[in-house]
Amino acid sequence: MQAILNAVTRRKGLTAVVVLLVIVGIIYARILGMTPDAQEDLVWFVRDYLPMAMFVTLAILLFSGFPVAFILGGLAFTFGIIGYFLDMFSLIEFFNFMPRIWFQAAENLVLVAVPAFVFMGVMMERSGVANDLLYCVQVLLKKVAGSLALAVVIMGTVLAAMTGIIGASVTMMTALALPTMIKQGYKNSLSCGCIAASGTL
């Protein structure tokens, strides 16, 4: 049953992308048939509403079932091309700006702590301390339904406050809590949701 639902979801996503491409093609064909003055007016109109169109498209595509990474990358690329053809920026400025962003991110000293936190999480998971900690919190909450999920949220909140780095806390919580939750019979979606929500607080 799950395989059928996955196939239907993928086809819905593919259908949404095909419909979007057809709409873009029809709009492009109509633009080519316009007079130069009407084309210029349309360019100014699109420039004003391009960011709003990008966010609306993002909201629609997020529910299409496609992987989020491909949606974000493809949307940025598509609207970047549209912005280039509308003379909103030049490619030379864009490619000069990108290395600056990369080097600023690489020179961030906070990122030095991420491997240490990940190593700490792996050591806690391998030594069994994480299982004991989760078990203790689960025992304290034993009268509450979903006590392990609540324990993971509490532990993730504490670790997120300790580390201060989202990537480190989510990675640590994944190493610590995900195997335990799957062993206890929790669904993958619920387990990942608890870890992602608590690790990013």
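What is the Cα convex hull volume of the chain when expressed per residue in Å³? Please list the in-between numbers first.
On the way: hull volume 31.6 nm³, N = 201.
Normalising the Cα hull of the chain by residue number yields 157 Å³.
Can you list the HN-Hα couplings for region 151-166, worked out from phi with the Karplus curve (6.51, -1.76, 1.60; θ = phi - 60°), rounded to whole Hz and with x for Gly and Pro?
4, 5, 5, 5, 5, x, 5, 5, 5, 5, 5, 5, 7, x, 10, 4
Using a Förster distance of 41 angstrom, determine the FRET efficiency expected from the C-beta separation of Lys187 and Leu109, and round it to 0.05.
Numbers: r = 39 Å, r/R0 = 0.94.
Working from the Cβ atoms, E equals 0.60.
Projected onto the charge dipole of the chain (+1 at Lys/Arg Cβ, -1 at Asp/Glu Cβ, origin at the Cα centre), which of Gly33, Gly185, Val158 gives the Cα projection farthest towards the positive end?
The residue sitting farthest along the positive end of the dipole is Gly185.
I need the phi-derived Karplus couplings for region 73-79: 6.51 cos²θ - 1.76 cosθ + 1.60, θ = phi - 60°, integer Hz, Gly and Pro marked x.
x, x, 5, 4, 5, 4, 6
Report Rg (one decimal) and Dmax (nearest whole number) for region 110-199, counting Cα atoms only, units Å.
12.3, 41
Taking the Cα centre of region 40-187 as the origin and placing charges on Cβ (Lys, Arg +1; Asp, Glu -1), which of Val144, Ala168, Gly65 is farthest toward the positive end of the dipole?
Working it through, the farthest residue towards the positive pole turns out to be Val144.
Just want to confirm a number: the relative contact order over region 2-106, from Cα pairs under 8 angstrom separated by 6+ residues, in percent. List each step's numbers first, then the result.
Values: 30 pairs, mean separation 34.3, N = 105.
In percent, rounded to a whole number, it is 33.
Can you give me the distance in nm between label points at Ile31 and Phe97, each placed 7 Å from the Cα along the Cα-to-Cβ direction?
That separation, rounded to one decimal, is 2.0 nm.
Per 0.36 nm of contour for each residue apart, how much would the distance between Phe119 and Tyr49 grow if the chain were fully extended, relative to their Cα-Cα spacing? Before the final figure, lay out the partial values.
Values: separation 70, 0.36 × 70 = 25.20 nm, distance 4.63 nm.
Extending this stretch completely gives an extra 20.6 nm.
Roughly how many debye, to the nearest 20, is the charge dipole of region 2-106 about its Cα centre, given +1 on each Lys and Arg Cβ, -1 on each Asp and Glu Cβ, and no other charges? Could the numbers behind the result be given before it?
Numbers: 6 positive and 6 negative charges, 133 e Å.
Here region 2-106 has a charge dipole of around 640 debye.
Would you kindly derive the ³J(HN,Hα) couplings of region 86-100 from the backbone phi angles with the Karplus curve 6.51 cos²θ - 1.76 cosθ + 1.60 (θ = phi - 60°), listing them in order in whole Hz, with x for Gly and Pro?
8, 6, 7, 7, 9, 5, 5, 4, 4, 6, 6, 7, 4, x, 4
Given points 7 Å out from each Cα along the Cα-Cβ axis, report the Val24 to Asp41 separation in nanometres with one decimal.
Roughly 2.6 nm, to one decimal.
Every number in this text was worked out from the coordinates using simple rules, so none of it is lab data. None of these values were measured; they are calculated from a predicted model. Don't worry about glycine lacking a Cβ; one is built from the backbone with ideal geometry, like all the others, and counts go over all protein chains shown.
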